[in-house]
Amino acid sequence: MAKDRGQSEDYSGPLKRLLLGVLLLCLLGLFLLWRIDSPRVERFRAQVVDRVVPSFDWAMAPVTGAVNILRDFQSYQRMYQQNQDLRRELQQMKAWKEAALQLEQENARLLDLNNVQLDPRLTYVTGVVMADSGSPFRQSVLINVGSRDGIMDGWAAMDGLGLVGRISGVGRNTARVILLTDTSSRIPVTLQPSGQRALIIGDNSITPLVDFIETPDQVRPGDRVLTSGDGGVFPAGLLVGQLAEDPGGRMRVRIAADYERLEFLRVLRSYATEDIDTPGDLISPSSLPDAQPLDPAIAAEASNG
């Protein structure tokens with residue numbers, strides 16, 4: 001057995017070298033044949049290509065498939081990168097959208113502050129809300145205008161939509177505004193279109209209670225609520241909100257002011273009316289059509305009598 005194995009090894013080595021030499025000679029001859037520039041050789045090459053190349057489609061299929069897979073993978077990489085870029089741009093666009101919405105709302109409130117039609121005799125000072133009370137038992141905000149701007153206690157404060165509250169506490173550079181929702185707030189109002197008088201009572205909720213309605217049967221949810229001007233608390237005609245009914249059947253007011261976004265407040269300067277104490281200040285004798293000056297003697301006699 002060992003002898004047979006040794007003989008096979010003795011024959012296999014020279015045979016391999018012989019086959020390798022024959023293959024090299026064939027490749028060299030094919031190379032030289034392919035390099036010969038002759039019409040006859042050119043026709044021979046064309047015939048070889050026509051016969052051999054079409055039959056090698058099965059051999060090229062794996063290569064073509066691998067190339068297509070590589071191209072698809074590269075395309076997937078590009079799509080993934082584009083998707084990531086679009087996601088980042090979308091996040092940036094969302095941030096810009098929020099900023100644009102905030103600027104739009106701020107601009108709308110400022111435009112409302114400039115365009116709200118009020119009594120032409122009323123003037124106002126616009127202040128920026130600096131902070132709120134942060135207490136569930138006291139509803140108030142702090143604004144950056146005070147006594148140096150002529151602010152006084154009791155003046156009404158509005159945003160661009162409706163009444164917010166009244167000034168209660170004035171410093172040199174700041175003032176505190178007690179909101180309509182505070183428990184210490186009591187505002188006389190008129191309910192339109194019925195014209196009924198009522199009182200808004202703050203109860204630390206976003207919808208204060210409407211009480212002491214003159215004729216409750218004449219009011220309906222949705223009626224407009226305006227300040228009445230009674231008691232000189234606020235000027236008449238300031239918008240407060242709309243009437244609503246809670247599940248318990250009590251009337252409340254949906255405040256028109258946006259309490260969640262109080263950024264700017266308009267403080268209305270109250271105008272003083274002229275007080276008339278005596279009839280002489282209203283109608284003077286000189287203004288009468290046939291008024292004649294009294295004789296001094298008659299005037300003295302009338303005073304002694």
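The values are calculated or read from the model by the stated rules, or taken from the named source; none is laboratory data. Note that the coordinates shown come from a computational prediction; the quantities given were computed from them, not determined experimentally. No Cβ is skipped: glycine too gets one built from the backbone with ideal geometry, and neighbour counts run over all protein chains shown. Keep in mind that these areas ignore ligands, DNA and RNA; they rest on the heavy atoms of the full protein, side chains included. Shrake-Rupley method; radii C 1.70, N 1.55, O 1.52, S 1.80 Å.
Quick notes on this one:
- Unique match (being open to solvent by 10 Å² or more (accessible area, probe 1.4 Å) and within 24 Å of Val129 (Cα to Cα)) among Ile178, Ile201, Ile213, Ile167: Ile201
- Counted residues, the stretch 181-198 - those being open to solvent by 50 Å² or more (accessible area, probe 1.4 Å) and either more than 31 Å from the chain's Cα centre (by Cα) or of a type in the set (Lys, Arg) (or both): 5
- Test: residue in the stretch 188-197 that is closer than 20 Å to Glu260 by Cα and hydrophobic (A, V, I, L, M, F, W, C): no
- Members of the stretch 229-247 found to be open to solvent by 20 Å² or more (accessible area, probe 1.4 Å) and assigned to a loop (DSSP other than H, G, I, E, B), listed by number: Gly229, Val233, Pro235, Ala236, Gly237, Asp246, Pro247
- Against the numbered list (1) under 21 Å from the mean Cα position of the chain (by Cα); (2) at pLDDT below 70, Met130 comes up short only at (2).
- The set of residues in the stretch 1-25 that are open to solvent by less than 80 Å² (accessible area, probe 1.4 Å) and at pLDDT 70 or above comprises Ser12, Gly13, Pro14, Gly21, Val22.
- Condition met for Asp37 (at pLDDT below 70 and not in a helix (DSSP H, G or I)): yes
- Qualifying residue in the stretch 63-79 (condition: modelled with pLDDT under 75 and in a helix (DSSP H, G or I)): yes
- Residues of the stretch 147-174 that turn out to be assigned to a strand (DSSP E or B) and under 15 Å from Ile255 (Cβ atoms), as a count: 7
- As a summary of the residue check, Glu104 satisfies the conditions (1) open to solvent by 70 Å² or more (accessible area, probe 1.4 Å); (2) at pLDDT 85 or above; (3) of a type outside the set (Ser, Thr, Tyr) except for the one numbered (2).
- Members of the stretch 207-224 found to be without any contact (Cβ under 8 Å) to a residue 40 or more places away in the chain and closer than 10 Å to Arg252 by Cα, listed by number: Pro221
- First in the stretch 168-185 and more than 11 Å from Asp153 (Cβ to Cβ) and without any contact (Cβ under 8 Å) to a residue 12 or more places away in the chain, second anywhere and open to solvent by less than 10 Å² (accessible area, probe 1.4 Å) and not polar (S, T, N, Q), Cβ under 9 Å, 6 or more apart: none
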